[in-house]
Amino acid sequence: MHRLRRYGPGALALLLSFMCSSCSLGTLLTHPRVFSSKGKPLPPGTARPLPLVATRAELHSRIVNLYNAINSFQAKVQMTPSVGSVYQGKISDSIVDVESYVLFRKPDQMRIIGKVPVAGTQMFDMVSNGTDFMVSVTARNLFITGSNSAPATSKNTLENLRPEAFFAAMLIRPADAKSEKLLLEDDTDEDHQLYKLHFIQEGTDGQLILTRAVWFDREDLSIVRQKEFSLKGEILSDSRYAKWQTYDGVRFPSHIDISRPLDNYGVTMDILDMKDMKMNLSLTDEQFVLAQPEGSTLRRIGGPEPPK
C-alpha cells in the first residue's frame, strides 16, 4: 500500500500527460472509414449526401405511379445477350450486340424484333399475349410456340428468349392488393444507401413466401434493382436499372441488365438516344400478330426437336 502511494504522483502525472495528448493519440488510434456514393469511393473529407427518408407506402406509391404512367411504348434498343448464370459459375457473351425494336401495350402484349447490326437483316421476332408466346428464329428457319411458363431448355440462346421475361423486367408491377404484403428494410452501409421493399405472399400451406424484392437508391429514391423468386426461393430474374430518363413526360431507365439464372442467360438493354423511346402511342392489334413464315419448321415447346 505504501509503495502504491509512493508512486501515485508519478502515475497521476503520466495519466494527465496521456489525457493532454489524447487528440494526437486519437488520430493514431483511429482509422477513418471511407464512404461510397453510387458505388464509387468519395474523396477524403467529402461528405456523402444524406439519405432520403421514405415509408413503405411512399416507396410503393412510386412503383404505382411509374406503372400507371405507361400504357404503351415503342423503343429502339441495343441488346447484348449472354449465356451462363451465377448457378453455373460462369457468364460469357455469346452473341454480338443486336439492334432491337420493342413494342408494348397494356395489359400484357409485347413484341421484340432483333436485327443484325449494319446488315439490318432480321435475327428473330417474338410476340407474347401474356399467356402464350411465338418466336421466329430467322437464321434457323424455326418457328417456336408455347406457354410463357415453358422452361428454357435449348442450347441456343435465341431459342430461350421469352417476351414475358422482358415484360416482367421492364415494367415493375405494383403489389397485388389481394395476395401480396409489403415489408421494408433499410439496407444502408458505407458503400450504399438503399431501401429494399419485399413482396410477401402466403402459400397454400400457410407459410410465407418471398416473391419479389425491389431496391431503391436513397440518394434520389430511384429504383436500381428487382429480384423475382420461385416458390422454392430460387432467383427467377435479377434486373438492374440505371440512367433513368424522362421520355414524353414518363420516367424510364435507359439501361436495364436482366439476368435469368435458372434459364442460364442474360440480356442488357440500352436506349441509346432520347428519340428512340416513344411513350403512350396508339398501337394496333396487327402490330402484335406474328404469323409462321412459309417453309419454316414449327416447334411446340415440349415437342420433338426439329431435324438438323
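For segment 227-238, does any single residue satisfy the condition of being more than 25 Å from residue 164 (Cβ to Cβ) and either in contact with a Ser or Thr (Cβ under 7 Å, 6 or more places away or on another chain) or polar (S, T, N, Q) (or both)? No, every residue in segment 227-238 fails to be more than 25 Å from residue 164 (Cβ to Cβ) and either in contact with a Ser or Thr (Cβ under 7 Å, 6 or more places away or on another chain) or polar (S, T, N, Q) (or both). When we screen 226, 245, 201 for residues that are surrounded by fewer than 16 Cβ atoms within 10 Å (Cβ to Cβ), without any contact (Cβ under 8 Å) to a residue 60 or more places away in the chain and part of a strand (DSSP E or B), the only hit is 245. Of the set (1) polar (S, T, N, Q); (2) closer than 14 Å to residue 291 by Cα; (3) under 25 Å from the mean Cα position of the chain (by Cα); (4) open to solvent by 50 Å² or more (accessible area, probe 1.4 Å), all apply to residue 128 but (4).
Taking the condition under 21 Å from residue 98 (Cα atoms), open to solvent by 60 Å² or more (accessible area, probe 1.4 Å) and not in a strand (DSSP E or B), does residue 290 pass? In short, no.
Identify all residues within segment 207-223 that are open to solvent by less than 40 Å² (accessible area, probe 1.4 Å) and of a type outside the set (Phe, Trp, Tyr); write none if there are none.
209, 211, 212, 213, 214, 217, 218, 221, 222, 223
Tallying residues that are at pLDDT below 95 and within 21 Å of residue 70 (Cα to Cα) within segment 230-247 yields 0. With respect to (1) within 27 Å of residue 146 (Cα to Cα); (2) surrounded by fewer than 16 Cβ atoms within 10 Å (Cβ to Cβ), the lone exception for residue 165 is condition (2).
Condition check ((1) aromatic (Phe, Trp, Tyr); (2) at pLDDT below 90; (3) farther than 24 Å from residue 137 by Cα) across all residues:
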| site | (1), (2), (3) |
| --- | --- |
| 228 | no, no, yes |
| 251 | no, no, yes |
| 293 | no, no, no |
| 297 | no, no, no |
| 302 | no, yes, no |
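Residue pairs whose Cβ atoms lie under 7 Å apart, sitting 6 or more positions apart in sequence or on different chains, and linking a residue in segment 207-222 that is part of a loop (DSSP other than H, G, I, E, B) and at pLDDT 95 or above to a partner that is hydroxyl-bearing (Ser, Thr, Tyr) and open to solvent by less than 40 Å² (accessible area, probe 1.4 Å), are 218/195. Scanning segment 183-198 for residues that are open to solvent by 30 Å² or more (accessible area, probe 1.4 Å) and either assigned to a loop (DSSP other than H, G, I, E, B) or β-branched (Val, Ile, Thr) (or both) turns up 187, 188, 189, 190, 191, 192. Of the residues making up segment 96-129, those that are outside any strand (DSSP E or B) and of a type in the set (S, T, N, Q) are 121, 129. Summed over segment 256-270, residues that are on the phi < 0 side of the Ramachandran plot, open to solvent by 20 Å² or more (accessible area, probe 1.4 Å) and touching a residue at least 60 places away in the same chain (Cβ under 8 Å) total 6. For segment 229-241, the set of residues classified as among the hydrophobic types (A, V, I, L, M, F, W, C) and surrounded by fewer than 16 Cβ atoms within 10 Å (Cβ to Cβ) consists of 231 only.
The values are calculated or read from the model by the stated rules, or taken from the named source; none is laboratory data. Keep in mind it's a predicted model, so treat the numbers as computed, not measured. Every residue, glycine among them, receives a Cβ derived from its backbone with ideal geometry; neighbour counts consider all protein chains shown. Heads up: the accessible areas ignore ligands, DNA and RNA and are worked out on the full protein's heavy atoms, side chains in. Shrake-Rupley method; radii C 1.70, N 1.55, O 1.52, S 1.80 Å.
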